[in-house]
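Asks: Okay, here's the structure, questions in a sec.
The values are calculated or read from the model by the stated rules, or taken from the named source; none is laboratory data. As the structure is a computational prediction, the values presented were derived from the model and not from experiment. Here the Cβ is made from the backbone with ideal geometry for all residues, glycine too, and neighbour counts use every protein chain on show.
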Amino acid sequence: MTIFLIWLIAFGLIAYFVDQRWSRGVSQGLDRCLPNVLKSHGENRFLWIMTLAVLGATTLVFPVEMLLVVILMALIGLLVVKLANWASTLTH
């Protein structure tokens, strides 16, 4: 229960501060980091606020698990890229 309360407090604070600074840099920062398909251009404000708050709060409460998930996703992405390159060499 304590971890859940810490997560809720972190979620609320992160969501509040991201909402306060949305037009002063958060939206532009997201647009610089994301590919064209995912760019918000200032739209979908509340979707991105909730997404950043969930990721931030989870990272604060469970940092090791989040690091392992990021490493696992990077390895899966690398495997997919390597398989796609291998498959494209077979077709030519």
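Asks: State all residues of region 13-22 that are exposed (fewer than 14 other Cβ atoms within 10 Å of the Cβ) and either of a type in the set (V, I, T) or assigned to a loop (DSSP other than H, G, I, E, B) (or both); if no residue qualifies, say none.
Replies: Kept after step one, since they are exposed (fewer than 14 other Cβ atoms within 10 Å of the Cβ), are these residues of region 13-22: 16, 20-21.
R21 - this is the single residue of region 13-22 that is exposed (fewer than 14 other Cβ atoms within 10 Å of the Cβ) and either of a type in the set (V, I, T) or assigned to a loop (DSSP other than H, G, I, E, B) (or both).
Asks: May I ask you to list the residues in region 46-71 that are under 27 Å from R24 (Cβ atoms), of a type outside the set (A, V, I, L, M) and surrounded by 13 or more Cβ atoms within 10 Å (Cβ to Cβ)?
Replies: W48, T51, G56, T58, T59
Asks: Which residues, counting only those in region 30-45, are more than 14 Å from the chain's Cα centre (by Cα), in a helix (DSSP H, G or I) and surrounded by fewer than 15 Cβ atoms within 10 Å (Cβ to Cβ)? Step through it out loud before you land on a result.
Replies: Let us first name the residues in region 30-45 that are more than 14 Å from the chain's Cα centre (by Cα), namely 36-37, 41-45.
Retained after the next criterion (residues that are in a helix (DSSP H, G or I)): 36-37, 45.
Within region 30-45, N36, V37 qualify.
For every residue, the table says whether it meets (1) acidic (D, E); (2) under 20 Å from F4 (Cβ atoms); (3) at pLDDT below 90; (4) assigned to a helix (DSSP H, G or I).
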residue	(1), (2), (3), (4)
R24	no, no, yes, yes
I49	no, no, no, yes
V54	no, yes, no, yes
T59	no, yes, no, yes
L68	no, no, no, yes
I71	no, no, no, yes
L79	no, no, no, yes
N85	no, no, no, yes
T89	no, no, yes, yes
